[in-house]
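The values are calculated or read from the model by the stated rules, or taken from the named source; none is laboratory data. This structure is a prediction, so every number in the text was calculated from the model and none was measured. Positions of Cβ are generated from backbone atoms using ideal geometry, with glycine treated the same way; all protein chains shown enter the neighbour counts. Side chains included, ligands, DNA and RNA excluded: accessible areas come from the protein's heavy atoms. Shrake-Rupley method; radii C 1.70, N 1.55, O 1.52, S 1.80 Å.
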Amino acid sequence: MKKLLTLLIISLSLQSFAQCFTKIAAGGDHSHGIKTDGTLWSWGYNSLGQLGDGTSIDKKVPTQIGMATNWQSISAGIEHTLAIKIDGTLWAWGRNDDGMLGDGTKLSKQKPIQIGTSTNWQSISAGDFNSVAKKIDGTHLDCPQKVRHYLGVFLWKEKSSMIMRLSLNA
């Protein structure tokens, strides 16, 4: 009976600490994962808050970010991160000196901030110094960097807030 109880305790402990990630994203020197329970975890380099834990302290092991249990998808750039929650809202944090977070500022954020009020975000991609997000209706938001780049037929303009573009391929 004592062995059975010990095995049960060990089993429960392993389950609660298991790294059961359903989604993973790797950035420049940081990584993120969303567990089966919808929680967000981050680890790695954190000089500009790209982990989203409210600090600039590097983490060598996965660290839970906040208490939310409704994260759906994640994408990591070199030093910034984008995520979508189950309710379709868009979130961003980390480096923002080129305006890649899309919040209309050039201030880095150490915690996830909601970008706008829309609840129909479908997919995201965080690049080196830019971000792209797509809504369910096919419209895109492009958050550019200082240097001009092309995305399909669209020219990314030098702005620090996201620019609405209609997708020709939607």
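Things to note:
- Distant-in-sequence amide H partners of ASP58 (H built 1.01 Å from N, under 5 Å): ASN46
- Taking amide H atoms as placed 1.01 Å from N in the peptide plane, the amide H of GLN110 lies under 5 Å from those of GLY94, each 5 or more residues away in sequence or on another chain.
- Overall form of the stretch 51-147: oblate. Here a/c, set by the Cα gyration tensor axes a ≥ b ≥ c, is 1.5 or more, and a/b is not larger than b/c.
- Accessible carbon and sulfur surface of the stretch 36-154 relative to its total accessible area, %, 1.4 Å: 56
- Overall shape: oblate for the stretch 95-134, with the ratio a/c of the largest to smallest alpha carbon gyration tensor axis at 1.5 or above and b/c at least equal to a/b.
- Neighbours of ILE65 by Cβ distance under 15 Å: Lys/Arg scored +1, Asp/Glu scored -1, total +3.
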